[in-house]
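First comes the structure, then the notes that go with it.
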Amino acid sequence: YEKELKVWYYNTNYTPAEWELIGGEVDADANTLTIQTNHFSTYGLFGQKATITTSLDTVRVFPNPYKYNPNNSKQVTFDRLPATFDKCVVYNIAGEIVKTFSNNDIGMIPDPINSSTITPGIIWHLQNNSGKNIASGLYILVIKVGKDSKFYKFAVIR
């Protein structure tokens, strides 16, 4: 399981703070893991098995509905994503684009149901493409991989 070791950064810029994948390069022969960083902070070394799929049938959107609470994290998670996609866009109920994601937005995140695995996912902090907080309402996530597309409905209640 050495090859599964990854470095995670504890990002306190979010409330509550959350772990973000940094990655790292494992050299099993030298028993080292190497990363580059431009700051000192809190890091963790986790050895979790990654669950990667190419199917859109396993994608989850949670919490759904998202209910605003000033004491909870302000985020919706899309997990069990394919490692890459052609399109990942959130639309409002009027069909307007709210947020567009790229493959660079995918990170390896802990599976909330099975904590021994990590999965490709996106943590969305409920801001539109302009960086403004989104309003309450119904939203549609559209993911396209090759010829396959899937739609996921979710609600935001502020």
Quiz item: Does residue 85 count as of a type outside the set (Gly, Ala, Ser) and not in a loop (DSSP other than H, G, I, E, B)?
Solution: no
Quiz item: Quick check, is residue 93 among the aliphatic types (A, V, I, L, M) and at pLDDT below 90?
Solution: no
Exercise. May I ask you to list the residues in the range 74-92 that are within 15 Å of the chain's Cα centre (by Cα), among the hydroxyl-bearing types (Ser, Thr, Tyr) and either closer than 13 Å to residue 154 by Cβ or buried (at least 17 other Cβ atoms within 10 Å of the Cβ) (or both)?
Key: 77
Self-check item: Verdict on residue 83 being free of Cβ contacts under 8 Å to residues at least 12 places away in the same chain and small (Gly, Ala, Ser)
Solution: no
Exercise. Pairs only if they're at least six apart or on different chains, beta carbon under 6 angstrom, first in the range 99-120 and at pLDDT 80 or above, second assigned to a loop (DSSP other than H, G, I, E, B) and basic (Lys, Arg); list them, first residue then second.
Key: 119/80
Quiz prompt | Pairs where the first residue, in the range 143-158, is closer than 13 Å to residue 87 by Cα and touching a residue at least 12 places away in the same chain (Cβ under 8 Å) and the second is outside any strand (DSSP E or B) and of a type in the set (A, V, I, L, M), C-beta under 7 Å, 6+ apart | solution = 143/56; 143/59; 145/56; 148/56; 150/56; 150/59
Practice problem: Give me the pairs, please: first residue somewhere in the range 128-141 and on the phi > 0 side of the Ramachandran plot, second residue anywhere and assigned to a loop (DSSP other than H, G, I, E, B) and loosely packed, with under 12 Cβ neighbours inside 10 Å, beta-carbon distance under 8 Å, and either six or more positions apart or on two chains. | Solution: 137/93
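The values are calculated or read from the model by the stated rules, or taken from the named source; none is laboratory data. No experiment lies behind these values; they were computed from the predicted model shown. Because the Cβ atoms are built from the backbone with ideal geometry, glycine has one as well, and the counts that use them run over all protein chains shown.
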